[in-house]
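Undergrad: Please read through the structure below; I'll follow up with questions.
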Amino acid sequence: MDDDTAAGTRAVDEARIDEAREFIESKAGRKLDGELGDALRDGVALCELANALKPGAVVKVNRGRMPFLKMENIASFLEFAAANGVQSSELFQTVDLYEQRNVAAVVDCVLAVKRVFG
């Protein structure tokens, strides 16, 4: 891959990341600081997004520091997405976000939620 192609790929990825960030910020009413994966890692913003789109969708948003609480938030968002029409192929695994293994899959899922709720 030459430099121009690599730069174009990064630009597309950055555009998708920016689109996902803007969607979350506008619907959840909160600013996401830093890298998107880091900002979403505890799952709180994703739960807030779910509740903004469908009030009461996530009954308990965990704000504790324990890893299992953060992973529970992420799982709650994924359950919300699946229950509201996001295809299983567009969902990510909890570790994709929590361990930052595949933030692109997280972005794809957020954009799928955006498509569903338009």
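The values are calculated or read from the model by the stated rules, or taken from the named source; none is laboratory data. None of the values given here were measured: they were computed from a predicted structure. Please note: Cβ atoms are built from the backbone with ideal geometry, for glycine as well, and neighbour counts cover all protein chains shown. These area figures cover heavy atoms from the full protein model, side chains too; ligands, DNA and RNA do not enter into them. Shrake-Rupley method; radii C 1.70, N 1.55, O 1.52, S 1.80 Å.
Undergrad: Answer with yes or no whether Leu46 is touching a residue at least 24 places away in the same chain (Cβ under 8 Å) and not small (Gly, Ala, Ser).
TA: Details: touching a residue at least 24 places away in the same chain (Cβ under 8 Å): yes; not small (Gly, Ala, Ser): yes.
Against the criterion (touching a residue at least 24 places away in the same chain (Cβ under 8 Å) and not small (Gly, Ala, Ser)), Leu46 qualifies.
Undergrad: Count, please, the residues in the range 20-56 that happen to be in a helix (DSSP H, G or I) and either farther than 21 Å from Asn84 by Cα or not aliphatic (A, V, I, L, M) (or both).
TA: Let us first name the residues in the range 20-56 that are in a helix (DSSP H, G or I), namely 20-28, 36-40, 44-53.
From what's left, either farther than 21 Å from Asn84 by Cα or not aliphatic (A, V, I, L, M) (or both): 21-23, 25-27, 36-39, 47-48, 51.
Total meeting the criteria: 13.
Undergrad: Okay, next question. Mind checking which residues of the range 109-118 are modelled with pLDDT of 95 or more and out of contact with any Leu (no Cβ under 9 Å at 6 or more places or on another chain)?
TA: Leu111, Lys114, Arg115
So that you can scan it fast, the table gives a plain yes or no per residue for (1) small (Gly, Ala, Ser); (2) part of a helix (DSSP H, G or I); (3) open to solvent by 60 Å² or more (accessible area, probe 1.4 Å):
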{"site": "Val58", "(1), (2), (3)": "no, no, no"}
{"site": "Phe68", "(1), (2), (3)": "no, yes, yes"}
{"site": "Ser76", "(1), (2), (3)": "yes, yes, no"}
{"site": "Gly85", "(1), (2), (3)": "yes, no, no"}
{"site": "Val107", "(1), (2), (3)": "no, yes, no"}
{"site": "Leu111", "(1), (2), (3)": "no, yes, no"}
{"site": "Val116", "(1), (2), (3)": "no, yes, yes"}
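Undergrad: Glu19 - would you say it is open to solvent by 30 Å² or more (accessible area, probe 1.4 Å) and either free of Cβ contacts under 8 Å to residues at least 60 places away in the same chain or of a type in the set (Val, Ile, Thr) (or both)?
TA: No, not satisfied.
Undergrad: Which residues, counting only those in the range 87-105, are open to solvent by less than 30 Å² (accessible area, probe 1.4 Å) and not in a helix (DSSP H, G or I)?
TA: Phe92
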